[in-house]
1. Please list, ordered by chain and number, the residues whose modelled amide H lies under 5 Å from the amide H of ASP475; skip anything fewer than 5 residues away on the same chain.
2. Would you kindly calculate the translational diffusion coefficient of the chain, applying Stokes-Einstein with the Kirkwood radius from alpha carbon pairs, for 20 °C and a viscosity of 1.002 mPa s, and quote it in µm² s⁻¹ without decimals?
3. Per the Debye formula with a single identical scatterer at each Cα and no solvent contribution, what log10 I(q)/I(0) holds for the range 334-385 at q = 0.21, 0.27, 0.29 Å⁻¹?
4. About the Cα centre of the range 220-318, what is the dipole size in debye to 20, counting +1 per Lys and Arg Cβ and -1 per Asp and Glu Cβ, all else neutral?
5. To one decimal place, what Kirkwood hydrodynamic radius in Å is obtained for the range 90-159 from all pairs of distinct Cα atoms?
6. Suppose we take every Cα in the range 301-381 and form the convex hull; what volume per residue is that in Å³?
7. Got a sec to turn the phi values of the range 358-367 into Karplus ³J(HN,Hα) couplings, 6.51 cos²θ - 1.76 cosθ + 1.60 with θ = phi - 60°, whole Hz, x for Gly and Pro?
8. Work through the residues other than GLN80 whose Cβ is under 13 Å from its Cβ and net out their charges, Lys, Arg +1 and Asp, Glu -1.
Amino acid sequence: MSNPLLTLPFEPSIEGLGGAYWDAVEAAVFPRTQLRFRNDALLRQLGVEAEGVSDQDFETAYGRFEERVPLLALRYHGYQFGTYNSQLGDGRGFLYGQLRDRTGQLQDLGSKGSGTTPWSRGGDGRLTLKGGVREVIASESLHRLGVTTSRTLSLIETGEELWRGDEPSPTRSAVMVRMARTHLRFGSCERLLYLRDPQGLERLLRHVVAVYYPEVAAAHPAPDGDRLALEHQLLAFYGELVERVARLAAEWMAAGFVHGVLNTDNMSLAGESFDYGPFAFLDRWDPSFTAAYFDQTGLYSYGRQPAICRKNLQLLQNPLAMLLPRPPMEQLLERYASSYQNHYRFCLLRRMGLTPNPDAESDECLLNATLNLIANWPVGYGDFFAGLASVIQSNGLPHEPEGLPVVLKDVPEPAREMWQNWRNAWWWQTQASEARGASMPEASVSERLRRWNLSQTPTRPVIESLWDPIDQEDDWQAFDFCLRSIMENSD
């Protein structure tokens, strides 16, 4: 039988922009390929019947990269911890191909750990198996929590020994394929400013708007040669990107997720979360928590993420200024704060099983009570929401505030007044939420709590507990069980 992954209808979208934006590369040849994770939900999203795809098909397509050319290493620059770096680009991955999903949206398939490229900067172009396991868990957990994110299509162990840092022994290697809306980044534009190439930037942005912002393209057509129309279109694009990035930052914050390295080369022009490195999920709520050990100043700490995303949007104005006036871009950036706050409110309420209240003041009171409680009660951030979900699923909604027990056991009791303030505010909001949702029984508080929370947050100790049996005994049962529990209630 033919391999259905080798006959997918790929489109030469970025390839069609021309060779000024990428380099054609070859994949590494690995000693062996062994599939460790496959995402059948993504196959179905791409219109592929998962039952007709074997594990060997995955290994052939996404471990040995047979019958697929060209493979494109994209070029970009970026601000890394505030310092501009012009030596970047895809250094251990490439764009495998682009194709439409069932909704008609163009999706990228991109590799990680697939070998060296012109941008490897002396690195080996490889990915550790543990790094791949971590990204699978991160991307699927964030998707489940409602974060706009790339997802992992496959993870294949490749049989090489990799030496990393000061580790006394080698670690196992892997190659991963992710699906993302685009691998074009803020740094893709910054490179063109560095090269003083406004024509190249215009070509890139016309492509981005046409493919990833079709509503903007339809509302603001920009025929070739009409500079004023192009200016209106690109300003509308920038305004929409501001909205998307503000919402993304809000989703991270509500999820208790710390990206770790918010350099401009890690910011997607589609406003999607991707490229997971030293990420971490919060254990306790702590605005100063940093995920990267090398982030000595806490620049990319949990609490700073919204401001850093805004700063990166401001930095993006530098290349865009080759085509656009700055004052209207600054005005559009002013929308960031309200967009962030409104979406953060929505996301945090969703985790508590609620929908926004027409009375925004009562929502703010509940949010303030929630943050005050979790900041002063020494419990896990995700555990708090999981505990609430568990209590309501077991007992149902209480008929009065006093009927809600403390949502976590075997931990110190919260301060009485703080707990009562939160409990009362939450209970009253459930009454208003249920009343508004009376015509939508499927949107009950209990069902929203189940859908938008994880039974166990993949904090670093949890991930280590999944990795240890893989590392020591090649036992994948705990990893597989964790992934099933994460993915079973995803859309």
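The values are calculated or read from the model by the stated rules, or taken from the named source; none is laboratory data. Because the structure is a prediction, the values reported are computed rather than measured. With ideal geometry, Cβ positions are generated from the backbone for all residues, glycine too; neighbour counts draw on all protein chains shown. Calculation scope for accessible area: heavy atoms of the full protein, side chains included, ligands and nucleic acids excluded. Shrake-Rupley method; radii C 1.70, N 1.55, O 1.52, S 1.80 Å.
1. Correct list: ILE470.
2. Numbers: Rh = 24.0 Å.
Result for D is 89 µm²/s.
3. With one equal scatterer per Cα and no solvent, log10 I(q)/I(0) is -0.81, -1.11, -1.18.
4. Numbers: 7 positive and 12 negative charges, 64 e Å.
Approximately 300 debye in magnitude.
5. Numbers: mean 1/r = 0.0741 Å⁻¹.
Its Kirkwood hydrodynamic radius stands at 13.5 Å.
6. With only Cα atoms used, the range 301-381 gives 120 Å³ per residue.
7. These are the phi-based 3J(HN,Hα) values: x, 8, 4, 5, 5, 4, 4, 4, 5, 4 Hz.
8. On the way: positive: ARG121, ARG185; negative: GLU190, ASP265, ASP275, ASP295.
Net charge in that neighbourhood comes out at -2.
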